[in-house]
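Only one structure is covered here, and it is reproduced in the block below.
FYI, it's all coordinate maths here, none of it is from the lab. What you see is a predicted model; the values in this text were computed from it and never measured. Here the Cβ is made from the backbone with ideal geometry for all residues, glycine too, and neighbour counts use every protein chain on show.
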Amino acid sequence: MLSAIQQIDSHQIAEDLKEIEAVYTSRTFLSGLFLGSNIPKNIEGIRVYNDAKEIDMRIETTGNYYDNPDSYDFEHFPDILEDETGRIRYQGTYSYEEAVKLEENFKALTSHFTGNFGKFVDNVLAAHIDSTSYSKIAEHAEMPLKHVHWLFERCLSYVVHANFIMMVDAAILGGLKNSPISQRMLDCYRLGGMPGGWVGPLPKDGGLARDCMELYHLGS
């Protein structure tokens, strides 16, 4: 999908996009969002989070988080990703003017990817689902079945889509190596799961993605 959209002259961009594409075309992509999956023996030092009941609050944190943030053991993940997106665009490898020019040069690629990847994610999730997948998660997490349906159909698919758009942007605007948050997100997906939130100091306070980003995976 990514590598065939347009001609890419930059070796770094081409290699990063190939790395992203290799993750989402893997047979294990998103398999860890389901019970009965296998978690890799080497999870590369990433802490694992496996509570389906709370994952939505960790990755798509609602506004009422700030009513009493000290009551949560995790940080506001969408805000962290939004700050990183702004840093990549305004304070990253390129000047703002250069970043805008790059975005324009790759507009065909990003527009095509953004418009089509959501359906791709839905199809991958559907391929992992059988008649008992949702009920097993509901029973295991002690949560209503209707909430599991909402989790997959309205929360997880949306977040996965948004995460990959961010990683593609990072690849274009300086490379994954210059966005440790984007690289760690990709690591989570490569391991079959997805990012499971941020536990530890905020990036502005010295928190590092390799230490603070958790892996959401229901495998064993």
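Tabulated values for the structure
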read-out	value
Among the candidates Lys53, Lys136, Lys119, Lys146, residue that is in contact with a Leu (Cβ under 6 Å, 6 or more places away or on another chain) and of a type in the set (D, E, K, R)	Lys136
Matching helices (runs of 4 or more DSSP H) fully within the range 153-213 where at least 1 residues are β-branched (Val, Ile, Thr)	157-172, 180-190
Identity of the residue in the range 177-214, of a type in the set (Asp, Glu) and in contact (Cβ under 8 Å) with a residue 40 or more places away in the chain, that ends up surrounded by the fewest Cβ atoms within 10 Å (Cβ to Cβ)	Asp187
Condition check for Tyr96: surrounded by 13 or more Cβ atoms within 10 Å (Cβ to Cβ) and either touching a helix residue (DSSP H, G or I) at 6+ places or on another chain (Cβ under 6 Å) or farther than 20 Å from Ile8 by Cα (or both)	no
Yes/no for Ile55 being within 19 Å of Lys177 (Cβ to Cβ) and out of contact with any Ser or Thr (no Cβ under 9 Å at 6 or more places or on another chain)	no
Which listed residue is under 22 Å from Glu214 (Cα atoms) and surrounded by fewer than 15 Cβ atoms within 10 Å (Cβ to Cβ), from Glu15, Glu44, Glu60	Glu44
Every residue from the range 59-107 that is closer than 13 Å to Leu173 by Cβ and small (Gly, Ala, Ser)	Gly86, Gly92, Ser95, Ala99
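Quick grid of which residues meet (1) surrounded by 12 or more Cβ atoms within 10 Å (Cβ to Cβ); (2) over 17 Å from Ile59 (Cα atoms):
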{"site": "His76", "(1), (2)": "yes, no"}
{"site": "Leu81", "(1), (2)": "yes, no"}
{"site": "Asn105", "(1), (2)": "yes, yes"}
{"site": "Leu109", "(1), (2)": "yes, yes"}
{"site": "Thr114", "(1), (2)": "yes, yes"}
{"site": "Thr132", "(1), (2)": "no, yes"}
{"site": "Pro144", "(1), (2)": "no, yes"}
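Per-residue answers, yes or no, for (1) under 20 Å from Lys119 (Cβ atoms); (2) of a type outside the set (Gly, Ala, Ser); (3) without any contact (Cβ under 8 Å) to a residue 60 or more places away in the chain:
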{"site": "Ile5", "(1), (2), (3)": "yes, yes, no"}
{"site": "Asp9", "(1), (2), (3)": "no, yes, yes"}
{"site": "Asp16", "(1), (2), (3)": "no, yes, no"}
{"site": "Ser26", "(1), (2), (3)": "yes, no, no"}
{"site": "Leu35", "(1), (2), (3)": "no, yes, no"}
{"site": "Pro40", "(1), (2), (3)": "no, yes, no"}
{"site": "Ile43", "(1), (2), (3)": "no, yes, no"}
{"site": "Tyr49", "(1), (2), (3)": "no, yes, no"}
